[in-house]
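Each remark here refers to the structure printed beneath this line.
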Amino acid sequence: MFITGNSSGLGRGFSAAALARGWEVYGCSRRGCDLEGVHDVRCDLGDFATVPAALEQLLAGVERLDLVILNAGILGRIKPMHDTSLEELGRSMDINVWSNKIILDWLLDFGIAVDQIVGISSGAAVLGNKGWNGYAISKAALNMLLRLYSHEFPDTHLAAIAPGLIDTAMMDYLCVEPDPGEYPALGRIRAARGTDTMPGPRAAAERVLEVVGRLKTFDSGSFVDIRQLIAPEEYAALMQARQKR
């Protein structure tokens with residue numbers, strides 16, 4: 001299993017959950033992963049020119065990966081789109097989209113057999129809530145990137161998954177700084193913190209790994225919200241409410 005952005009948050013949760021299952025775990029991140037047993041390399045995914053060499057160092061000798069999780073990503077600031085610069089949007093696209101293109105291209109060129117590739121997306125990719133800007137745009141682009149690459153990985157199943165709310169450092173910002181009066185989506189997020197609706201990174205990772213095999217019931221390249229798998233009635237109600245807005 002190979003995971004990007006595994007030094008903290010959901011990526012570290014995936015690493016811990018995979019190790020507990022006895023899996024061989026490879027990861028890359030800017031700060032490095034502190035979990036014993038992870039094969040790890042430090043890599044700034046925003047520095048595109050250095051990524052292939054880092055991957056070759058990490059995965060040299062690996063002939064097959066059962067699962068690749070493209071987890072690394074950044075949120076950016078919640079604020080009006082009008083006040084969001086092209087530089088900010090570009091940074092979101094670089095980390096959340098184009099770094100994954102570099103990785104996917106490398107996997108194709110290096111010839112490692114991969115059974116399944118999962119990109120960590122977000123409901124923000126389809127909801128279009130006010131203020132989410134670069135995050136929403138980049139996650140929507142990630143969904144399409146994986147759909148397009150599904151044609152080029154004929155022996156690999158690709159999917160983007162929205163993993164639901166997760167209590168990470170991202171929530172320290174979302175639950176404190178932006179004004180929920182101006183950005184209504186934050187009200188639901190803040191109400192969920194401290195409840196089962198917003199698990200910690202390890203529990204969220206376990207939840208994704210438990211259903212990751214079921215992603216193969218969808219066409220390769222699909223976007224799937226985890227609630228479609230674990231709470232289909234809740235998901236249907238959410239989509240119905242969204243259509244009435």
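Key figures for this structure:
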| read-out | value |
| --- | --- |
| Packing-based exposure ordering (other Cβ within 10 Å, fewest first) of MET144, MET198 | MET144, MET198 |
| The chain: calculated mean residue ellipticity at 222 nm from DSSP helix runs of at least 4, using -39500 (n - 2.57) | -12000 deg cm²/dmol |
| Highest to lowest packing among 82-91, 128-137, scored as the average C-beta count within 10 Å | 128-137, 82-91 |
| Most fluctuating residue given options ALA124, ALA185, ALA49, as computed from a GNM of the chain linking Cα atoms under 10 Å | ALA49 |
| Between 0 and 90°, nearest 10: helix 133-149 axis offset from the chain longest Cα axis | 40 degrees |
| For segment 47-166, size of Cβ-based charge dipole, Lys and Arg +1, Asp and Glu -1, in debye | 620 debye |
| Cysteines not pairable in the chain (beta carbon separation under 4.7 Å absent) | CYS33, CYS175 |
| Listed residue (LEU19, MET93, PRO232) projecting farthest to the positive dipole end of the chain, Cβ model | PRO232 |
| Principal-axis tilt of helix 9-20 within the chain, Cα atoms, nearest 10 degrees | 50 degrees |
| Near-label residues of segment 138-171 by backbone N, under 11 Å of a point 7 Å along Cα→Cβ of GLU177 | 170-171 |
| Within the chain: Cβ-based charge dipole about Cα centre, in debye rounded to nearest 20 (Lys, Arg +1; Asp, Glu -1) | 820 debye |
| Dipole magnitude of segment 188-245, debye to nearest 20 (Cβ charges: Lys/Arg +1, Asp/Glu -1, about Cα centre) | 340 debye |
| Charge dipole (segment 20-78, unit charges on Cβ, about Cα centre) - positive-most of LEU75, VAL41, LEU65 | LEU75 |
| Contour minus Cα-Cα distance for GLU210 and GLU152 (0.36 nm per residue) | 18.2 nm |
| Gain upon complete extension [ILE74, LEU108; 0.36 nm per residue less C-alpha separation] | 9.7 nm |
| Dipole of segment 86-230 [Lys/Arg +1, Asp/Glu -1 at C-beta], most positive-end residue of ALA169, GLY194, PRO154 | GLY194 |
| For segment 179-245 and segment 56-76, distance of Cα centres in Å | 24 Å |
| Footprinting exposure proxy for LEU238, LEU215 (fewest neighbouring C-beta atoms within 10 Å first) | LEU238, LEU215 |
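Bear in mind that the values in this text are calculations on the coordinates, not laboratory data. What you see is a predicted model, and the numbers here were worked out from it, not measured in a lab. Heads up, the Cβs are rebuilt from the backbone with ideal geometry, glycines too, and the neighbour counts pull from every protein chain shown.
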